[in-house]
Each structure stands twice: as structure tokens, then as C-alpha cells.
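The values are calculated or read from the model by the stated rules, or taken from the named source; none is laboratory data. All of these numbers come straight from a predicted model, not from anything done at the bench. Cβ atoms come from the backbone with ideal geometry, glycine included; neighbour counts cover every protein chain shown.
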Amino acid sequence: MTGHRITDNLDAMLSVLPAEITRQLEAINRPDDLLEVILDLGRIPTARYVDGEQMLNQAEITPADIQYVVEHIGEFDTDNRAGMERTLHRISAIRNRRGHIVGLTCRVGRAVYGTTDILQDLIESGKSLLLLGRPGVGKTTMLREAARLLAEKKRVVIVDTSNEIGGDGDVPHPAVGRARRMQVSTPSLQHEVMIEAVENHNPEAIVIDEIGRELEAEAARTIAERGVQLIGTAHGNTLENLLINPTLSDLVGGIESVTLSDEEARRRGTQKTVLERRSPPTFDVLIEIQTRDRLAVHLDVAAAVDSLLRGYPQPPELRYRDERGEIRIERAAPPAASRTGTTQGFRRTGNGNGMEAGAPARPPSEGRSRSMEQAPARSVEVAEGGRTAIKPVRIYPYGVARNRLVQAAKRLGVPALVVNDVTEADALVTLRSYYRNRQRPVVDAENRGMPIYVLRANTVAQMQQFLSDMFSLALDQSEDHSNDPALKNTQAAIEAVLGGERWVELPPASAYIRRVQHEMARDASLASQSYGKEPYRRVRIFRD
């Protein structure tokens, strides 16, 4: 972490461990990389470092070893966590059924000054910020530094449930600066302390760690509605994770099922029942902490949730430190409407069989005919100067509303020409019932070897899906992606993993972009894997 000043009071942690374990940690001599020391009864002690675990000796942990640590630290609270006076270290206990401690996780707490310079403009903007990230990625460290930075100009109160932000004891750690700290006697009462902080101490900003219960989410909304700036963390890695979490989805506005009128459903090109955002989000900005020095920032949570529910997620702003320690910000262009059809919340209303773009739809009870396997590659050609141009495709609609097909083509901006004679067409589109009944135009088209596309319903959404399948794959294969932001992000992720990160997860991308991302990772001798369901499927890059 270039330019960061770190205070860890590691000597205090080593002083409470058994002498033999302390000697081995000192012999390894990697104090800056030490994350945790694991002491489990009857097992070999383990030290966890940023790049993996290391066994400390061959002697198993005894009850006397665990008792030695317990006697030299503070008392355990109801959440089985204890601390050490004037430090940020945390010791968590594992108990057996009789309540006896049989394991300890001794986490090294560090105050890292300078971690928020990558977000300083957002912290000082007065907007409420929500930080997401996996355990150990640095959420609490960043939260602590944000509290110190804000307290230089505002009245800040920290609601410190497990004393992780301000440390153990009655006097907060110097790392929180001038911020005041309220401790929570029982984790289940965190929401009450949050409200008490607003009502009794007149804060301008409140800092909260680990919002994990419904009552805490409701308390956060109450605080935000009173005009107090909130900076907090929550469980989850991405906005999508939070949105489908019934307990915490209210932090970003929540979702609800809405029934539309027939006219509105036709106008939108959707089914009558859709998912929409229920209320304004509690937090204005959401920050996904991918690595310690790489963040994905949703600057407008309301707009991000709305676009996600409509099926074309807004790409977040990427902030990261390059190899020289300089902060880089990449702002993605606002996306156009999805070319894969309108979604109903998290469900696609188009081709629901999960086929890749470019493959015609298939009726559930029918086998695919030979002509249906032909991809319409004729829809693309290369113009002079190497630029990609789309050649018009003539479509004969049989049993399909022509005006809706024209409307769908206009929405997608593709040159689909509706013809009146099947002999003039390059492709035929029809409905499931006509295809099953083997109507004469369908049979003629098959005899000609013409691609046949079958829709499940006579809706604009289905037609958009069909046109998207017809045009998108060939276009993706022909476009020059050398300046594609998604592939630039992929290269940055590869460099981060090669630089020491365990893994980096990329934003959702199309099937073609994912294939390119896998190839880029393979070329760099790294492993990659796709996660999630369409249209939110994404690639994770990691060391093999």
C-alpha cells in the first residue's frame, strides 16, 4: 500500500500468546503480512498470512495454552469476541456445548492511515456510503479511516458493536481521531444504539460496522431520513447480492412485485407482473471492495437498482491504484437498453432456455430442425476501412404481428426488413402453435433451408429477443474490442492477480466478452471461471 502509514501494536498481540508460538512468529519474521493466529484445542497452531497459511510447530494446542491467552485479554462479550486495551486486535472464541472455549481466532488489527484517499471525494460529499466486500478485504479499516477523516470537519459518532472500529476498552484508539464512540452491550441491540446516537448526541455523521439484521436496516433508514450522513458496511460482495437478500435489500430501496395494466405492459414490452424498486435507497452510493486497492463504485444507487431490474445493469465506476501507487478512475459510458430483451426482475422474458445469442428459439416439445441450426451470418459484413456494417436481413413473419416486429427492430436499431413473400425472405419467424401444426409456409421454409425462429408469445419483448439472437453474435465476433472498457478492466484484473491478489471478480458481461476474458486469463497463465446466471454471469480470475 504505497503511501500508507500502518499502526498495528503487534507487540501487544504477541505478548498474550504462549511463549513458544511467539518465538516461532518472530522467527518467521513477516509481521506486516500476518492476519490471524489460529489456536484450536488438539490441533497444530496456524498463522494466516496475506498469501496463505503456515503451521507454527508440531505441538498440539492444550487447554493450558488457551487458558493462558484468555487470562491476558479482556472479557468475552455475548458475541464471543474480546479485545485488548488501546489496540485494535480482536480475539474470537469457539465454545463447546458446555460453554468451554476450545478454539481462538486472534486477528491482528491495524490502523492504516491513507486508505480512504481513493474515496475521499465521496466521503466529504456528505452522501451516505455503503461498503461491501468479502471478510478480510479491509472494510473495517476503511471505515475507521473514514471516521477519522470526517471527524476533522464534522460531528461524528461511531456505533461500535464489537469494538472493532475503536478498539477495546473505554478510551477509543487514536486511529478514529476526534470521532466519538458508542459501544453496544449486546449485538442484538445495535439498532437501539444507532437511534440513541442520533437522538442524544446530535451527530452530523454516523459510522456503523456490519449492518446485518432487519432492525438495523430499519434504523439506518430512519437515520438517513433525519438528514444524517451514514457510512456503513454490510454483508455481501455486489449490489446484486444485496438486492436479493430479503433482510438487507431495503438498504438499496428493496424490490416488490408490481402488476401493470395491459396498456402499460404493451408499452414496456413486458409481462404484466414485473419487479420494481420499492422505495428510495437508504444509501446514496454503494462501493464494492474487490481488493484493497480496487473498488467498483455505484455513484447513484437508485439508478443502478432500476437498471438492474430492467435487465441492463449500469457498469460501475472503477477506482484502483496502479503500479506507481497513483489513483486511476475509469468511468463507464451509460448503457443503452438491453439487446437481450426486457427482463422481469431477475428473469428473462425472452428465450428462457439459456441458449447463447445467435441460436434460434426452440419449442419445448419440438426437436430442432436442421434449418434452425443455421446461424444468420449473412447479417454482418465488413465495410471499407475495416469498420463493421450490418447488412439488412429480410424477415417473413407468419402469424406474428408485423407492426410489433417493426417496433422491436427500431428499439434495437437493427436493419430487419419485413417482407410479404416467403420466397423473398432470409428468415422466417412464427409462433409455437403454427410451427407445431406444420403450416405450409413453415414447411416451405424448411425445404428451402431457411432459418426458422419460433416465439412463445406475440409480444415486443419476444421479438426483441429474437432479433437480438439474430444480430448480436455475429456483431460481437466482428467488432474491434481493442478499446472495450470491459477488456481494459480484464487486463487490470490480470495485472492485480499477477501482482499478488488472490482473485479478482469482473463485472457481468456478454457471453462473447466472457470468452475473450477467459482467453486473456489463459494467455497470462492464470485460471478463470464464470459465476452467476444470465444476464449477470461474470468471470473471476485467480491463480491456478
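Here are a few things to note about the model shown:
- Selection within the stretch 84-106 - closer than 29 Å to Leu242 by Cβ and surrounded by 20 or more Cβ atoms within 10 Å (Cβ to Cβ): Leu88, Arg90
- Given (1) in contact (Cβ under 8 Å) with a residue 60 or more places away in the chain; (2) closer than 25 Å to Gln314 by Cα; (3) surrounded by 20 or more Cβ atoms within 10 Å (Cβ to Cβ), index of the condition Gly253 fails: (1)
- Matching residues, the stretch 222-247, being among the aliphatic types (A, V, I, L, M) and either under 22 Å from Ser125 (Cα atoms) or in contact with a Gly (Cβ under 7 Å, 6 or more places away or on another chain) (or both): Ile223, Ala224, Val228, Leu230, Ile231, Ala234, Leu239, Leu242
- Residue in the stretch 51-60 that is part of a loop (DSSP other than H, G, I, E, B), surrounded by 16 or more Cβ atoms within 10 Å (Cβ to Cβ) and out of contact with any Phe, Trp or Tyr (no Cβ under 9 Å at 6 or more places or on another chain) present: yes
- Residue within the stretch 489-499 that is charged (D, E, K, R) and at pLDDT 80 or above present: yes
- Residue in the stretch 143-163 that is in contact with a Leu (Cβ under 9 Å, 6 or more places away or on another chain), closer than 28 Å to Glu214 by Cβ and surrounded by fewer than 22 Cβ atoms within 10 Å (Cβ to Cβ) present: no
- Scan of the stretch 487-542 for residues that are of a type in the set (Lys, Arg) and within 17 Å of Glu240 (Cβ to Cβ), ordered by number: Arg514, Lys533, Arg537, Arg538, Arg540
- Among residues that are outside the structural domain of Val504 (by TED's automatic domain parsing) and at pLDDT 70 or above, Ser261 is included.
- Filter result (modelled with pLDDT under 90 and over 19 Å from the mean Cα position of the chain (by Cα)) within the stretch 120-143: Thr141
- In summary, Gly232 fulfils each of the numbered conditions (1) in contact with a strand residue (DSSP E or B) (Cβ under 6 Å, 6 or more places away or on another chain); (2) assigned to a helix (DSSP H, G or I); (3) within 26 Å of Pro315 (Cα to Cα) with the single exception of condition (2).
- Looking only at the stretch 523-540, residues that are assigned to a strand (DSSP E or B) and under 14 Å from Gln491 (Cα atoms) come to 4 in all.
- Selection from the stretch 56-71 of residues that are under 41 Å from the mean Cα position of the chain (by Cα) and under 24 Å from Ile28 (Cα atoms): Leu56, Asn57, Gln58, Glu60, Ile61, Asp65, Ile66, Val69
- Members of the stretch 303-321 that are farther than 15 Å from Arg278 by Cβ and among the acidic types (Asp, Glu): Glu317
- Residue that is nearest to Ala509 (Cα to Cα), among those in the stretch 290-304 that are in contact with a Ser or Thr (Cβ under 9 Å, 6 or more places away or on another chain) and modelled with pLDDT of 90 or more: Ala296
- Near pairs, Cβ below 8 angstrom, 6+ apart or cross-chain, from the stretch 190-204 (without any contact (Cβ under 8 Å) to a residue 40 or more places away in the chain and in the same structural domain as Leu215 (by TED's automatic domain parsing)) to any residue that is surrounded by 15 or more Cβ atoms within 10 Å (Cβ to Cβ) and of a type in the set (Phe, Trp, Tyr): none
- Positions within the stretch 275-299 being farther than 21 Å from Arg331 by Cβ and either part of a loop (DSSP other than H, G, I, E, B) or touching a residue at least 40 places away in the same chain (Cβ under 8 Å) (or both), in sequence order: Leu275, Arg278, Ser279, Pro280, Thr282, Arg292
- Given (1) farther than 22 Å from Asp284 by Cβ; (2) without any contact (Cβ under 8 Å) to a residue 40 or more places away in the chain, index of the condition Pro187 fails: (2)
- Given (1) in the same structural domain as Thr238 (by TED's automatic domain parsing); (2) over 27 Å from the mean Cα position of the chain (by Cα), number of the condition His89 does not satisfy: (1)
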